[in-house]
Amino acid sequence: THFTGGSSLPGNFQTTLSSFAALGVDVALTEADVTNASASQYAGLTQACMNVPRCIGITTWGIRDSDSWRGSENPLLFDRNSNPKAAYGSVLNALNAASTNVPGTQPSSPGPQPSSPGPVPSSSSPGPSTPCTATYRTTSTWGGGFQAEVTVANNGSAALNGWTVNLTLAGGQSLVNVWNAVNSGTGGAVGFRNAAYNGSIGANASTTFGFVANGSSGTAPAVVSCTSP
């Protein structure tokens, strides 16, 4: 992620990240540096990563400008005296804006979505003491497969400690990959329980998990239910 010459962040940068993620792989921004440490470009690349559930991290090529292979261009977040620059603040602000989410959750201002996302049913099965709801949406489609995301929300006033989502995939659909959850089964009735790092959801907060599946995206799960211990 080397940006040079003061050029603006490409308008399709987030789309590019999403396109790779739709193939069922994680993506990461590595060796990031920007000519003259443009605060807007650093904020843009950070937000793009935050907006793509499978973007797993950002690293810079060095800490201080004096460490950089492009030292004469002052491209990093800290100056030669280890003082944070405006770009550092822009990155921090972008990260703090998503501070209520765990890695892989849906940000408050998601990037462009596919023009034909398919059906977006949602349902919940909260018990008397289980204010847990699950909402399904198709995020990307291609010939013979699709990517989907499920948002698990806590609508109660106390934190949830652990959750399980159950849904039924249509005939011919089968899971290929799952992130931010642990699945039981790959076709038909499938259960998803929280990963080790996202089982706790604060009051009025949410987290998401996603999966890639083979088969047509034309039929979404008829029922998506969520329970919490």
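The values are calculated or read from the model by the stated rules, or taken from the named source; none is laboratory data. Predicted, not measured: the structure shown is a model, and the values here were computed from it. Quick reminder, even Gly has a Cβ in these numbers, built from the backbone with ideal geometry, and neighbours come from all protein chains shown. Only protein heavy atoms, including side chains, enter the accessible area calculation; ligands, DNA and RNA are left aside. Shrake-Rupley method; radii C 1.70, N 1.55, O 1.52, S 1.80 Å.
Quick notes
- Output for the range 25-59, where each listed residue is open to solvent by 20 Å² or more (accessible area, probe 1.4 Å) and touching a strand residue (DSSP E or B) at 6+ places or on another chain (Cβ under 6 Å): D26, A28, T30, P53, I56, G57, I58, T59
One line per residue, one yes/no per condition, for (1) aromatic (F, W, Y); (2) modelled with pLDDT under 90; (3) surrounded by 15 or more Cβ atoms within 10 Å (Cβ to Cβ):
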{"residue": "V165", "(1), (2), (3)": "no, no, yes"}
{"residue": "N183", "(1), (2), (3)": "no, no, yes"}
{"residue": "G187", "(1), (2), (3)": "no, no, yes"}
{"residue": "A196", "(1), (2), (3)": "no, yes, no"}
{"residue": "G210", "(1), (2), (3)": "no, no, yes"}
{"residue": "A220", "(1), (2), (3)": "no, yes, yes"}
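- Filtered by the rule that a residue be of a type in the set (A, V, I, L, M) and within 24 Å of G71 (Cβ to Cβ), the range 6-27 gives a lone residue, L9.
- Which numbered condition N154 misses (of (1) surrounded by 22 or more Cβ atoms within 10 Å (Cβ to Cβ); (2) closer than 19 Å to G24 by Cα): (2)
- Filter result (acidic (D, E) and farther than 14 Å from G57 by Cα) within the range 3-35: D33
- Among the residues listed as T138, T186, the single one being of a type in the set (S, T, Y) and either closer than 21 Å to C55 by Cβ or assigned to a strand (DSSP E or B) (or both): T138
- Selection within the range 49-92 - assigned to a loop (DSSP other than H, G, I, E, B) and hydroxyl-bearing (S, T, Y): S68, S82
- Selection status of G6, modelled with pLDDT under 90, more than 19 Å from the chain's Cα centre (by Cα) and outside any helix (DSSP H, G or I): yes
- Tabulated pairs, the range 15-27, first in a helix (DSSP H, G or I), second open to solvent by less than 60 Å² (accessible area, probe 1.4 Å) and of a type in the set (V, I, T), C-beta under 6 angstrom, 6+ apart or interchain: L17/V27; L17/V52; S18/V52; F20/V27; A21/V27; A21/V52
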